[in-house]
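This report concerns only the one structure given below.
The values are calculated or read from the model by the stated rules, or taken from the named source; none is laboratory data. Bear in mind that the values here come from a model prediction, so they are computed numbers and not experimental data. Glycine gets a Cβ as well: all are built from the backbone with ideal geometry, and neighbour counts include every protein chain shown.
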Amino acid sequence: MADETAPQIPLHSAYAGGTPPETVRHWEARIRSAESIEAAQLQVGYLQLVQLRMIKLILVWALVVVPIIVAAVFLINHSLSGS
C-alpha cells in the first residue's frame, strides 16, 4: 500500500454522471497505491506496453494468420472439387 510519507499523486476524474467507470477507478487505485510518482508512471507505462502487445497479437492474427488459413482451406477445397 501507499506510504503515508509518499507524495500524493493528483488525479482528476470529473464525470457528468458523478461516478467514474470501473476501469478509471481501477487505474486510479493502482496509481494511488504506487510508492512514488515515478513508480506509478513506470507501472502505467508497463501496462500500456502489455496492452499494445495484445493489440499487435490480435492484428497479426486478423491480418496474417486467419487469411492464410482461409486461403489454404479455399485452395484445398478447390483442388478437391476437381476444377
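How many residues does the stretch 1-32 hold that are surrounded by 14 or more Cβ atoms within 10 Å (Cβ to Cβ) and modelled with pLDDT of 60 or more?
5
Enumerate the pairs (first residue in the stretch 34-53 and surrounded by 12 or more Cβ atoms within 10 Å (Cβ to Cβ); second residue anywhere and of a type in the set (Lys, Arg) and modelled with pLDDT under 85) with beta-carbon separation below 9 Å, excluding pairs fewer than 6 apart on the same chain, so at least 6 apart or on different chains.
The qualifying pairs are Ala40/Arg30; Ala40/Arg32; Gln43/Arg30; Val44/Arg30; Leu47/Arg30.
Restricting the search to the stretch 52-83, which residues are of a type in the set (Gly, Ala, Ser) and part of a helix (DSSP H, G or I)?
Ala62, Ala71, Ala72, Ser79
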